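Undergrad: Here it is, the structure in full.
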Amino acid sequence: MEESRLCQWNVFRPLLAILQWWGFNVTVIIMNKWIFQNLDFKYPLSVSCIHFICSAVGAYLVIKVLKLKPLIEVNPEDRWRRIFPMSFVFCINIALGNVSLRYVPVSFMQTIKSFTPATTVVLQWVVWRKHFDWRIWASLVPIVGGIILTSATELNFNIFGFCAALFGCLATSTKTILAESLLHGYKFDSINTVYYMAPFATMILGIPALLLEGAGIMNWFYTQESVSSSLVIIFSSGLLAFFLNFSIFYVIHSTNAVTFNVVGNLKVAVAVLVSWLVFRNPIPALNAMGCAVTLTGCTFYGYVRHKLSQQTPGTPRTPKTPRNRTEMIPLVNDKLDDKV
């Protein structure tokens, strides 16, 4: 009986992890778009700053007060020499994502963010001269082709929002590459990552948000009819952004690398569908096809990466000894750009 219950839980746990990750992620995206479009709070830097503040406070409560996660100690010198540069890129990544969401539909923004594998490979090839298997390059063809098709057929195309999303992919790739060198020796989980990076990100983004959006926010306070209810929605999105980090950590531990990649791409499809149901933004058939082609390419890219990671260097046909669970947890995963 106990073995049967354990088996049922082992099947149910990954499904629960995936569903809660999808729920938090899609809800945060839709709420942010709602804030920009329906609450007329068109200040993406301030929204990002609020998310960082909520995440910093939440991570502190989880680690220091509730002690649900052990704190990974970092040398004071490394906080500025290693974590601060990561926080700067981390901050730019999130801010650009919200800026793009301010100007383009959720469906288009989510499709463009799927371009991240391509920018990561190209950056590593150009900057580090890193060699990649031909299958990696082949997987980028449908990703790039799908992005071009989606961009060409997007009815609400905005060049500023498009560029913000594209540079957001570049920031995500830079974050992934920097993590391999700057955070060498530290195996951060999602909560510890936010614990150290969110305060830095708040400090980095706070001044630009105040200078560029402060006057507009003050005017919004005077012109908004129901300020209190709007603020509840804005800060709720920040709270949900923190819980999103928990869900990412949970889903990584509950699934393997291939499953995580596949459900990550399905999550984009769910976000596109929900955004259409909420905002009713028109999605032409060719636009939807471009999105589907991009997600197919991303899934193939994740599968190829996983297969190559199982091979011992120098013996491409010899499987590698299976790694344990902690080794499978990425330092900064390609899909963890959804955080905060």
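Undergrad: So if each residue of separation counts as 0.36 nm, and I subtract the Cα-Cα distance between residue 138 and residue 296, what length gain in nm does that give? Each step should come with its number before you reach the end.
TA: Values: separation 158, 0.36 × 158 = 56.88 nm, distance 1.22 nm.
Difference between extended and current length: 55.7 nm.
Undergrad: R0 = 41 Å: FRET efficiency of residue 15 with residue 219, Cβ-based, nearest 0.05? Spell out each step's value before the answer.
TA: On the way: r = 46 Å, r/R0 = 1.13.
Rounded to the nearest 0.05, the efficiency is 0.30.
Undergrad: Can you give me the C-alpha center-to-center distance between segment 138-168 and segment 189-209, rounded to a whole angstrom?
TA: Taking the Cα centre of segment 189-209 as reference, the centre of segment 138-168 is 28 Å away.
Undergrad: What order, most packed first, do the peptides 29-38, 109-118, 57-66 have when packing is the mean number of other Cβ atoms within 10 Å of each residue?
TA: Working: 29-38: 19.5, 109-118: 24.9, 57-66: 15.6.
Most protected by this proxy first, the peptides run 109-118, 29-38, 57-66.
Undergrad: For the pair residue 163/residue 81, report the inter-label distance in nm, with labels modelled 7 Å from Cα in the Cβ direction.
TA: 3.7 nm
Undergrad: Another one. Compute the length gained on full extension between residue 155 and residue 73: take 0.36 nm times their separation in residues and subtract their Cα-Cα distance, giving the result in nm to one decimal. Please report the intermediate quantities before stating the final value.
TA: On the way: separation 82, 0.36 × 82 = 29.52 nm, distance 4.90 nm.
Residue separation times 0.36 nm, minus the Cα-Cα distance, leaves 24.6 nm.
Undergrad: Okay, next question. Per-residue HN-Hα couplings for segment 149-163, Karplus 6.51 cos²θ - 1.76 cosθ + 1.60 at θ = phi - 60°, whole Hz, x for Gly and Pro?
TA: Along segment 149-163, the couplings run 5, 5, 5, 5, 10, 6, 6, 9, 5, 9, 5, 5, x, 4, 5 Hz.
Undergrad: What's the extension gain from residue 273 to residue 187 if we count 0.36 nm per residue and subtract their Cα-Cα distance?
TA: Working: separation 86, 0.36 × 86 = 30.96 nm, distance 3.52 nm.
This chain segment gains 27.4 nm when fully extended.
Undergrad: Amide H neighbours of residue 311 under 5 Å, counting only residues 5+ apart in sequence or on other chains, H built in-plane at 1.01 Å?
TA: 320
Undergrad: Further question: Please work out the FRET efficiency for the pair residue 128 and residue 306, using the Cβ-Cβ distance as r and a Förster radius of 22 Å; give the result to the nearest 0.05. Let's see the in-between values first.
TA: Details: r = 21 Å, r/R0 = 0.97.
FRET efficiency, residue 128 to residue 306: 0.55.
Undergrad: While we're looking at this one, here's another question. So for each of 277-284, 290-297, 149-156 I average, over its residues, the number of other beta carbons within 10 Å; can you give me the resulting order with the highest mean first? Spell out each step's value before the answer.
TA: On the way: 277-284: 13.6, 290-297: 22.4, 149-156: 17.5.
Packing order, densest peptide first, comes out as 290-297, 149-156, 277-284.
Readers should treat all values here as calculations from the given coordinates under stated rules, not as data from a laboratory. What you are looking at is a predicted structure, and each value in this text was computed from that prediction instead of being measured. Cβ coordinates were reconstructed from backbone atoms using ideal geometry, including for glycine residues, and neighbour counts include every protein chain displayed.
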